[in-house]
Amino acid sequence: MDLSNLKPAEGTVKKDRRLGRGEGTGRGGTATRGHKGQKSRSGYSKKVGFEGGQMPLQRRIPKYGFKNINRVEYKGINISTLQQLADKKKLDLIDPEVLYDSGLIQKKTLVKILAKGELDKKLEVHAHAFSKAAAEAIEAKQGKVVKID
């Protein structure tokens, strides 16, 4: 047995109907395409969104809003999450690498520390941005806030 003599099981493969091969086949003439018109021609394909000449939906609906190309997106991490992480892994320093290893962020994600939750441990936190309340909460526990550029 090798790849050169593999065949599908008997009766599983049907032959395609041969269209447009003479009147004797019962499928000659128009070959099931109807009469004349654009769709009956060979090579026909319509564009995506074409509505038979009617103004397409994507052109009927007005544009609105805009995308700010200078927007900087941060992944928000709460103080409560930092506390859980520090307790679980017995850490004093938390930086993006630690957050990446624990599965909280992707590799090149910018991190912003937010103030939701309580902190009951002295931590050194390295991040790209901090909310004012989060920075105050970390420093209130004699922790250190280090902003990464």
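Every number here is computed from the coordinates shown, using simple stated rules; none is lab data. Just so we're clear, the structure is a prediction, and the values are computed from it rather than from any experiment. As a convention, Cβ positions derive from the backbone with ideal geometry for all residues, glycine included, and neighbour counts pool all protein chains shown.
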task: Calculate, in nm to one decimal, what R18 and T109 gain on full extension: separation in residues at 0.36 nm each, minus their alpha carbon distance.
output: 27.1 nm
message: Explain nothing, just the number: dipole magnitude of the chain about its Cα centre with +1 on each Lys and Arg Cβ and -1 on each Asp and Glu Cβ, in debye rounded to the nearest 20.
response: 1560
Cut-off under 5 Å, modelled amide H: who pairs with I105 long-range: Y100
Interchain or long-range residues, amide H under 5 Å from E124's placed H: L93, I94, K144
- request: About the Cα centre of the range 74-147, how large is the charge dipole given +1 on each Lys and Arg Cβ and -1 on each Asp and Glu Cβ? Please answer in debye to the nearest 20.
  value: 200
message: Which of rounded, prolate or oblate describes the range 74-147 when judged by the alpha-carbon gyration tensor and an a/c cut-off of 1.5?
response: oblate
- request: Name the shape class, rounded, prolate or oblate, that the alpha-carbon gyration tensor gives for the range 1-145, where a ≥ b ≥ c are the square roots of its eigenvalues, rounded holds for a/c under 1.5, and otherwise prolate holds if a/b is larger than b/c and oblate otherwise.
  value: oblate
field: J(HN,Hα) series, the range 58-73, from Karplus relation 6.51 cos²θ - 1.76 cosθ + 1.60, nearest Hz, glycine and proline x
entry: 5, 9, 6, 7, x, 7, 7, x, 7, 9, 7, 6, 9, 5, 10, 9
query: Using mean Cβ contacts within 10 Å as the protection proxy, how do 137-147, 23-33, 48-58 order, highest first?
result: 137-147, 23-33, 48-58
- line: Between the residues G28, I105, Y44, the Cα farthest towards the positive end of the dipole of the chain, that dipole coming from +1 and -1 charges on the beta-carbon of Lys, Arg, Asp and Glu, is from G28
- request: Counting helices only, and only those DSSP H runs with n ≥ 4, report the 222 nm mean residue ellipticity of the chain as the sum of -39,500 (n - 2.57) divided by its residues, in deg cm²/dmol to the nearest 500.
  value: -5000 deg cm²/dmol
Cα centre as origin, Lys/Arg/Asp/Glu Cβ charges: the range 106-149 dipole, Debye: 200
Vicinal HN-Hα couplings computed from phi for the range 133-145 (Karplus, 6.51 cos²θ - 1.76 cosθ + 1.60; Hz; Gly/Pro x): 5, 5, 4, 5, 5, 5, 6, 5, 9, 6, x, 10, 10
